[in-house]
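Heads up, the thing below is written out as structure tokens.
The values are calculated or read from the model by the stated rules, or taken from the named source; none is laboratory data. Since this is a predicted model, take the numbers as computed values, not measurements. Here Cβ is always computed from backbone atoms with ideal geometry, including for glycine, and neighbour counts include all displayed protein chains.
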Amino acid sequence: MSHVSSELRRRVRLRARNLCEYCLTLMDFTGHEFTVDHIIPEAKGGASDFANLCFCCFWCNNFKQARTHARDPRTGRLVQLFNPRTDWWDDHFRWSPTFARVIGRTPVGRATVEALRLNRQSLVSARQIWVRHGLHPPELHTL
């Protein structure tokens, strides 16, 4: 496993505006440091460079592991997971009317919601609190 320098981690974090690039949770709201994820895992030939890295909460990183594909729960087809470098979040996802849940718009979105558990109960509960206080959802037009 290659080393990701602290400067490269800083650049990845700044590009993501301190948000997990999968679930869009703001690191400052969690009390936890986020990690840098290899979108294409090193085990599958992914490089440790700026173009293949994303800022990621521990939970999304843990659920993603070394996967690049998952099954679309609607069709059962194997599809690529959401790639924050090549895909636009709002092309593949939308917020529920209460902004507490992520809804997959596409096979990629649906597979990613399931695989990374973007609607895990603890996160849905936290989003409900953030919404009540005007802290969620984040503005996406600048991502």
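Data overview
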quantity	calculated
Criterion: among the aliphatic types (A, V, I, L, M), over 14 Å from Arg85 (Cα atoms), in a helix (DSSP H, G or I) and at pLDDT 95 or above - qualifying residue of Leu8, Leu24	Leu8
Single match in Pro138, Pro73 (criterion: in a loop (DSSP other than H, G, I, E, B), within 16 Å of the chain's Cα centre (by Cα) and surrounded by 13 or more Cβ atoms within 10 Å (Cβ to Cβ))	Pro138
Extreme residue, nearest to Leu26 (Cα to Cα), among residues of the range 76-132 that are among the small types (Gly, Ala, Ser) and in a helix (DSSP H, G or I)	Ala126
Of residues in the range 12-45 being surrounded by fewer than 16 Cβ atoms within 10 Å (Cβ to Cβ) and of a type in the set (Gly, Ala, Ser), the one farthest from Leu118 (Cα to Cα)	Gly45
All positions within the range 42-59 that are within 14 Å of Asn83 (Cβ to Cβ) and in contact with a Ser or Thr (Cβ under 7 Å, 6 or more places away or on another chain)	Lys44, Cys56
The range 1-54 - residue that is in contact with a strand residue (DSSP E or B) (Cβ under 7 Å, 6 or more places away or on another chain) and of a type in the set (Phe, Trp, Tyr) and, of those, farthest from Gln121 (Cα to Cα)	Phe34
Test: Asp91 is modelled with pLDDT of 95 or more, over 13 Å from the mean Cα position of the chain (by Cα), exposed (fewer than 15 other Cβ atoms within 10 Å of the Cβ) and not aliphatic (A, V, I, L, M)	yes
Residue that is surrounded by 16 or more Cβ atoms within 10 Å (Cβ to Cβ) and modelled with pLDDT of 95 or more, where the choices are Val124, Val102, Val131	Val102
